[in-house]
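> Mind looking over this structure? Questions follow.
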Amino acid sequence: MSDKQMMVLSMLEDIQFSIELILKRFAKIETSDDFLSDEEGLEKLDSISMRLVAVGEGFKSIDKLTEKKLLAQYDTIDWKGVKGIRDILSHHYFDLDAEIIFNICDRYLKELLNVTQRMHDDIIKHKDSKA
């Protein structure tokens, strides 16, 4: 396995960990108002947002390492949106919208986790088939 493939696998594992952590922290959030109702909700909003930054950054790095070839193979995901949320959260943090974060977590993260796992597994299978 090449160094690049090893780096991509490591990043995918980090991304998977972050998504699983987000989903765990999001589990008791029922509406976007739950993020804003008390100190615990705000802490969850902050920590989830930071993990979303990490996920977006990770996929940006993977896209660069693979010369935009890997993510393109998994077209069920809006990769521009995944990478773009990182930019929005990083550069416009005070404009953070709890409803947008809620919708991302509620509607898109499980599929992103599934695709992340599939990407990882596909790389492993591809490596094994070349041996």
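Where a number appears in this text, it was derived from the coordinates with a stated rule and is not lab data. From a predicted model like this one, the values you see are computed outputs, not experimental measurements. Cβ sites come from the backbone with ideal geometry, for glycine too, and all protein chains shown count toward neighbours.
> HN-Hα J couplings of the range 36-43 from phi, Karplus 6.51/-1.76/1.60, θ = phi - 60°, integer Hz, Gly and Pro as x?
Using θ = phi - 60°, the values come out as 9, 6, 7, 4, 5, x, 5, 4 Hz.
> Next question, about the same structure. Using volume of the Cα convex hull per residue in Å³ as the read-out, say which of (1) 198; (2) 109; (3) 96 was calculated from these coordinates.
Only one option fits the structure, namely (3).
> Continuing with this model, one more query. State the Cα centre-to-centre distance between the range 64-131 and the range 16-53 in whole Å.
After rounding, the separation between the Cα centres reads 18 Å.
> Name the residue from 102, 27, 9 whose Cα lies farthest towards the positive end of the charge dipole of the range 3-130, charges +1 on Cβ of Lys and Arg and -1 on Cβ of Asp and Glu.
9
> With a 10 Å Cβ neighbour count serving as the proxy for reagent exposure, in which order, fewest first, do 107, 51 appear?
So the ranking, lowest neighbour count to highest, is 107, 51.
> Do you know the Lys pair count in the chain for C-alpha distances under 18 Å, with sequence separation 8 or more or different chains?
Pairs that pass both the separation and distance tests number 26.
> May I ask you to evaluate 6.51 cos²θ - 1.76 cosθ + 1.60, the Karplus curve with θ = phi - 60°, for each residue of the range 18-33 and list the ³J(HN,Hα) values in order in whole Hz, giving x for glycine and proline?
After applying 6.51 cos²θ - 1.76 cosθ + 1.60, I find 5, 5, 4, 5, 4, 4, 5, 5, 7, 3, 9, 8, 9, 9, 5, 5 Hz.
> Test of the criteria: in the range 1-40, which trypsin sites (Lys or Arg not before Pro) are in a DSSP loop and have at most 14 other Cβ atoms within 10 angstrom of their Cβ?
Passing both the DSSP loop test and the Cβ count: 28.
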